[in-house]
Structure formats: structure tokens, C-alpha cells
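Okay, structure first, notes after.
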């Protein structure tokens, strides 16, 4: 009788343990579903409410692409997220299966198996295949970004502590240095009005300050739908010229000339920041780019005393 009672108690305890494990798994799955739903809901909201060319408060996704480079980078990022999601789901499912299938109560006598040739081949070959797929997609993208094609114009950018100097070698060596708008300007109505008036005078059309710590006193003005070659260096320490909406991030190195290119496919104001620690005011070294129509760009060049480049001069600036 004693033994029969012990067996019955053992089965009852095993049943309760099984129910407890099932409930915990259900709660975990429900929590994961809720977290994923909340994340995608916030992401969709961030995209819907996002402003082109600048970060959005509490945003969870990349900025809207304004160039083919940024679009390709965004597509590749999304592909990687799907790959990571599949791997994560598989690993978690395998982990829970192993925890359930090989728990102590179900296997009072543990297996002595230490090797399985088929499994070892699978967990070696499958990751290699995944990496090859990622490489086949990513390496051509890297090469395409790195190879500067024949461009329509060039700009020279120099990083300084703590501002950016821009020059236009194709347009009569127009040059400007852009500094961050002081924080106090955004809280002082008269100072803000004066800063906007000066910026409007520089651009030749009405302008307004949009973003604290991202706006600059002058802006890099560029034409839309134009292949632009960037020649980048620094005058003192390492900097990095980064504009997320363009898909551009390149180090500015003293004594070295780095090159990249981009083509913006829509007009607007786009912001970036220095992405290399460069000193005490690193956080106050923003980038503001205003992309305008080709006609407005020609007007702006004339306003700055520059000239539009003749086709014969293209080779002289290395394009």
C-alpha cells in the first residue's frame, strides 16, 4: 500500500510540474508576442510621424532614405533583421524543447551519448551557408558604395574642432564654415529671429530653424538628382561626416583625403552629426544640408559670387 501511495503521489506531482511548465511557457510566449506587437506598433508610429532628414523623438527605425545608398542600406538592414529573427526563434524553440524533452523527471537515467556526427555537420554547415548568403549580398553593396563613379560636381569638406568647412571647387571656390546654432538662440525670440534672418540672407530664400543642436548658422546647399563627389579631410583630429538619410558615414583624417559619393533624390533639409569622438564639443558639431532644385542651386551659387562649372573643367577637379 505504501508503495502504491508513493507512485500515485509521484504521478500527481509530475502532473502538477507538467502543468506548471506549460503555464510558464504560455506566459513567456504571450509576453514575447506582446513585446513584438508593441515594438512594431511603436516602429510604425515612428515611421508615420517621422520627419525627413532628422531623428524623431522615441523613433525606433532608420530615417527615411533620401538616396539610393540609404535605401539599399535600409533594405539590407531589414534582411538581416529577418535572418536574426529566424535564428532567434529557432534557438529559443530548440532550447525550450531540450529543457522539456530532457528534464530530470522525464529522464531519470541520463543519456551517455556525447557525439552525433549528423548534428555536428548541420550546426557547422548551416551557419556557413547563412554567412555566405549575407556576404553575397553585403560585399557588392560595400563595393558599390566605395567605388566613386563619374560625378556631376564635387565638394570639399574639412572637419575642424568643432565645425565643418565646405568648399565648392567646381563653382568658383565658394567656401563657408558652418557652426552649431547656440542653444540659447532657441529660447530667445529676438535671437532666433536674427539667426533666421541671417540664414535666409545667406540662402536667398526664407529659412527657419528646425532642430535644436542640429541646425547650423550656414547650410551646405546641394542640387537634387545630382551625383556629388565628397572629398573629406580634417584640420586637427579625427572627425566623421555622417548624414543618415544619405547613407553616408566617412572618417575625416588629418593629412589624408577620403572620398565618397551620393545622389539625393528629393529636396529638403537633412541633418547629421560628427560620429567620431573629437573633443569636448563633439556633441555640438552638427551637419545641416539643404537640397534644392538645380535652378535654385544655380541662383544660390550666383548669390555667393560663384559660377557654374563648364564641362571642360570637370577633369581639373578630379571627377
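The values are calculated or read from the model by the stated rules, or taken from the named source; none is laboratory data. Everything quoted here is computed from the prediction, not taken from an experiment. Methodologically, a virtual Cβ is constructed for each residue, glycine included, from the backbone with ideal geometry; neighbour enumeration extends over all protein chains shown.
Could you list, in sequence order, the residues of region 244-270 that are assigned to a strand (DSSP E or B) and either under 21 Å from residue 75 (Cα atoms) or in contact with a helix residue (DSSP H, G or I) (Cβ under 7 Å, 6 or more places away or on another chain) (or both)?
248, 249, 250, 260, 261, 262, 264, 270
Among the residues of region 62-110, which ones are within 13 Å of the chain's Cα centre (by Cα) and assigned to a helix (DSSP H, G or I)?
69, 70, 71, 72, 73, 74, 75, 76, 77, 78
I need the full set of residues from region 266-299 which are more than 25 Å from residue 172 (Cα to Cα) and either free of Cβ contacts under 8 Å to residues at least 12 places away in the same chain or surrounded by fewer than 16 Cβ atoms within 10 Å (Cβ to Cβ) (or both), in order please.
Across region 266-299, the qualifying residues are 266, 277, 279, 280, 281, 283.
Out of the residues in region 282-319 that are assigned to a helix (DSSP H, G or I) and modelled with pLDDT under 90, state the one that is farthest from residue 244 (Cα to Cα).
Per the stated criteria, the residue is 312.
Among the residues of region 117-143, write down those that are under 29 Å from residue 259 (Cβ atoms) and without any contact (Cβ under 8 Å) to a residue 60 or more places away in the chain.
Answer for region 117-143, where residues must be under 29 Å from residue 259 (Cβ atoms) and without any contact (Cβ under 8 Å) to a residue 60 or more places away in the chain: 134, 135, 136, 139, 140, 142, 143.
With (1) closer than 29 Å to residue 260 by Cα; (2) surrounded by 13 or more Cβ atoms within 10 Å (Cβ to Cβ); (3) at pLDDT 90 or above as the list, and residue 151 as the residue in question, which single condition is left unmet?
(3)
Starting from region 177-204, take each residue that is in contact (Cβ under 8 Å) with a residue 12 or more places away in the chain and list its partners that are loosely packed, with under 13 Cβ neighbours inside 10 Å and assigned to a helix (DSSP H, G or I), counting only C-beta distances under 7 angstrom and pairs at least six apart or across chains.
Listed by first residue and then by second, the contacts come to nothing, as the list is empty.
Determine whether residue 236 is under 14 Å from residue 289 (Cα atoms) and either surrounded by fewer than 16 Cβ atoms within 10 Å (Cβ to Cβ) or in contact (Cβ under 8 Å) with a residue 12 or more places away in the chain (or both).
For residue 236, the condition - under 14 Å from residue 289 (Cα atoms) and either surrounded by fewer than 16 Cβ atoms within 10 Å (Cβ to Cβ) or in contact (Cβ under 8 Å) with a residue 12 or more places away in the chain (or both) - is not met.
From 87, 121, grab the single residue that is surrounded by 10 or more Cβ atoms within 10 Å (Cβ to Cβ) and within 29 Å of residue 65 (Cβ to Cβ).
Only one candidate passes the filter, namely 87.
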